[in-house]
Amino acid sequence: MRALRKTGPGPGHVELCDVHIPEIGPKDVLMKVYAAGVCGSDLLIQEDRHFYRAPVTLGHEFSGVAWAVGREVTRVREGDKLVADIECGRGDWLGVTVDGGFAEYMRLPEHVAYVVPEHVPLDHACLAEPIVATHHLMQERAQVRVGDDVVVVGPGPMGIMGVQYARLCGARRVFLIGLRSDEKRLAIGRQCGADYTLYSEEEPVEAIMAATGGKGAEFVLECSGSQEGVQHAIDCARKAHEGPGGKGVIVFISLWGRKLTLNLDEVSLGQLDIRGSWSWNGRETWEHAVDLLDRGVFSLDPMITNHYTLEEWETAFANLRTRQDLKALIHPNGRGWAS
């Protein structure tokens with residue numbers, strides 16, 4: 001079969017390869033991949049700015065159908081729609097250190113596989129991992145409370161998902177900050193629930209402070225991966241210069257792959273609460289994500305802006321880099337073979 005692989009260390013070294021269809025053990029599932037989403041992390045791996053273990057098939061956001069099951073598998077049947085927790089063992093991540101979804105088939109240990117209800121489109125199921133990450137950062141690492149003003153910095157897939165999750169949690173207002181070159185993405189953000197979309201180049205902090213009566217936002221999600229975005233997050237968070245603090249919470253999910261230069265004075269003076277969010281709480285979080293997919297609480301179609309074949313991977317990567325796409329799906333077996 002064909003697979004898109006990081007073949008060796010260093011920048012580049014990503015190419016289509018011919019590999020064997022994975023063999024499965026008694027507790028494994030062989031999944032025929034319907035789609036795998038292109039993530040910014042895939043671009044960072046290509047650039048050697050994210051951890052990985054080569055050689056490895058990339059693709060950690062995926063959905064598919066159980067094609068074969070091992071003799072000891074009990075929770076999955078052939079034909080089930082599937083997603084999977086990419087943390088498949090200590091230090092092992094599907095699509096990062098263990099072969100992932102940019103291939104026609106992939107091996108899933110049964111303990112990380114989750115059956116998706118039949119009515120959920122596999123296009124939507126492909127966004128399960130971003131939903132998991134969003135639930136973790138907005139409920140398990142920190143909480144958006146009813147009535148909070150929320151700022152999302154960066155209108156990428158995680159940012160747009162964050163906008164929607166903030167609405168789900170009862171945010172009072174949601175502000176989305178992006179670059180002028182992000183106009184297509186900002187428009188999707190408005191479609192998905194952002195009350196205000198602001199340009200990074202045009203003093204967005206001043207606009208947020210004016211809208212909130214000088215208080216700032218109680219919850220800030222930074223997912224731009226830029227130095228300017230981090231500074232915006234610090235500057236627009238609600239400060240508490242006296243008293244117990246804890247008025248403004250900033251959650252980081254970005255990776256920068258480089259050193260940043262920032263003014264951090266207001267982190268101390270304003271008693272800001274900064275938290276990192278990367279993983280999730282295992283089965284608990286994934287079951288929440290499958291339930292959210294089941295109930296259809298997110299608007300996912302506007303987020304999926306393009307579909308590519310495996311052979312078109314270079315175009316898919318390029319269009320993500322230039323912000324022509326928000327979330328693009330690669331279909332290793334061609335689109336349309338599964339509903």
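None of the figures in this text is laboratory data; all of them are computed from the coordinates on show. In this text the structure is predicted, and so the values were computed from the model without any measurement. Don't worry about glycine lacking a Cβ; one is built from the backbone with ideal geometry, like all the others, and counts go over all protein chains shown.
Bin all alpha-carbon pair distances of the chain at 10 Å intervals from 0 and give each bin's fraction as a whole percent.
Taking all Cα pairs of the chain, the binned fractions are 6, 26, 33, 23, 10, 3, 0 percent.
Enumerate the residues in region 160-184 having an amide nitrogen under 19 Å from the point lying 7 Å beyond the Cα of residue 210 toward its Cβ.
173-180
For the pair residue 242/residue 312, report the inter-label distance in nm, with labels modelled 7 Å from Cα in the Cβ direction.
Placing both labels 7 Å beyond Cα along the Cβ direction yields 6.1 nm.
Quick one: which of 209-222, 124-137 comes out on top by average Cβ neighbours within 10 Å, and what's the full order, highest first?
With the highest mean Cβ count within 10 Å placed first, the list reads 124-137, 209-222.
Under a crude label model (7 Å from the Cα following the beta-carbon direction), how far is residue 201 from residue 27 in nanometres?
Going by the 7 Å Cα→Cβ label model, 5.5 nm.
Which whole-number percentage describes the relative contact order of the chain, with Cα contacts under 8 Å and a sequence gap of 6 or more? Provide the component values of the computation, followed by the final result.
Working: 787 pairs, mean separation 58.4, N = 339.
Relative contact order comes out at 17 percent.
Rounded to the nearest 0.05, what FRET efficiency is calculated for residue 74 and residue 337 with R0 set to 30 Å and r the Cβ-Cβ distance?
0.65
Quick one: Karplus J couplings for region 213-220, per residue in order, coefficients 6.51, -1.76, 1.60, θ = phi - 60°, nearest Hz, x for Gly and Pro?
Each residue of region 213-220 in turn: x, x, 7, x, 9, 6, 10, 10 Hz.
Calculated FRET efficiency, residue 53 and residue 299, Cβ-Cβ r, R0 41 Å, to nearest 0.05?
That gives a FRET efficiency of 0.70.
I'd like the trypsin sites (Lys or Arg not before Pro) in region 239-295 restricted to DSSP loop residues with at most 14 other Cβ atoms within 10 Å, sorted by number.
Sites meeting the loop and neighbour criteria: 258, 259.
Determine the equivalent ellipsoid of region 134-276 by diagonalising the alpha-carbon gyration tensor, then write out the semi-axes as square roots of 5 times the eigenvalues, largest first, rounded to whole Å.
For region 134-276, the ellipsoid semi-axes come out as 20, 17, 15 Å.
Which lysines, on any chain, are close to residue 327 with Cα under 19 Å apart, when same-chain ones fewer than 8 places away are left out?
184
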